[in-house]
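Only one structure is covered here, and it is reproduced in the block below.
The values are calculated or read from the model by the stated rules, or taken from the named source; none is laboratory data. Small disclaimer: the values here were computed from a predicted structure and weren't measured. Here the Cβ positions follow ideal geometry from the backbone for every residue, glycine too, while neighbour counts run over all protein chains shown.
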Amino acid sequence: MVTTILFSIAIGLTLAIALLIVFLPDKVQYIETIRVKAPISKVYDAIRFQERLMVWSAWPTETKSQCFLKNTDGIIGAQTVYAKNGKEFGYQEITHLTENEKVAFFLKSYVAPFEKDVRLSFILKELPNNETEINMWFTELLKKPHFLIAYFGGILKWVHSMHLKDLANLKKYVEQQ
């Protein structure tokens, strides 16, 4: 009797996990928008220059990591490399620049088994009165079945909250400069 119950539970859990793997989306996307009281050129430079970005970004502090720049700052190919105890665990690389309009990144983590492709773009729009609208577009393609860790471990919610912190910090940074 106990064996039958345990066997039924195991089959039920296996079926539930299989259904989650099949039906949960493997693509996470969102757009967050803020408005800042700063000229578009200042906002653009605060994002594209990685040394400035690391001043306002929440990621180094929250991940307790050291960051260093690879390649020439502010151009396509510039990378911010993340390290802990001298060992690299990921990077973000500028993949696209349109002056005062767009900065796009490719992000790579060497430790997270569920990430397939991660992209982050900042789309800027000049507004009247020396203000700028910032649209942060995030897209992450996840690896199945490992992506269940991201869903149920709270990692996706944590990443989203980090992006919201980044936007708040960016606003504060460009408005105080």
Is it true that some residue in segment 92-111 is under 23 Å from Leu141 (Cα atoms), at pLDDT below 95 and not in a strand (DSSP E or B)?
yes
Every listed condition ((1) of a type in the set (Val, Ile, Thr); (2) at pLDDT below 95; (3) in contact with an Asp or Glu (Cβ under 7 Å, 6 or more places away or on another chain)) holds for Ile40 save (2)
Within segment 113-137, of all residues that are surrounded by fewer than 18 Cβ atoms within 10 Å (Cβ to Cβ) and among the hydrophobic types (A, V, I, L, M, F, W, C), the one farthest from the chain's Cα centre (by Cα) is Leu127
Taking segment 65-85 and the residues there that are in contact (Cβ under 8 Å) with a residue 12 or more places away in the chain and in a loop (DSSP other than H, G, I, E, B), the one that is surrounded by the most Cβ atoms within 10 Å (Cβ to Cβ) would be Ala78
Checking the structure you have, find out if any residue of segment 21-32 is assigned to a helix (DSSP H, G or I), more than 20 Å from the chain's Cα centre (by Cα) and at pLDDT 95 or above. no
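Which ones in segment 135-157 are part of a helix (DSSP H, G or I) and either of a type in the set (Val, Ile, Thr) or modelled with pLDDT of 90 or more (or both)?
Scanning segment 135-157 gives Ile149, Ile155, Lys157.
When residues of segment 144-159 are filtered for being in contact (Cβ under 8 Å) with a residue 24 or more places away in the chain and surrounded by 14 or more Cβ atoms within 10 Å (Cβ to Cβ), how many remain?
9
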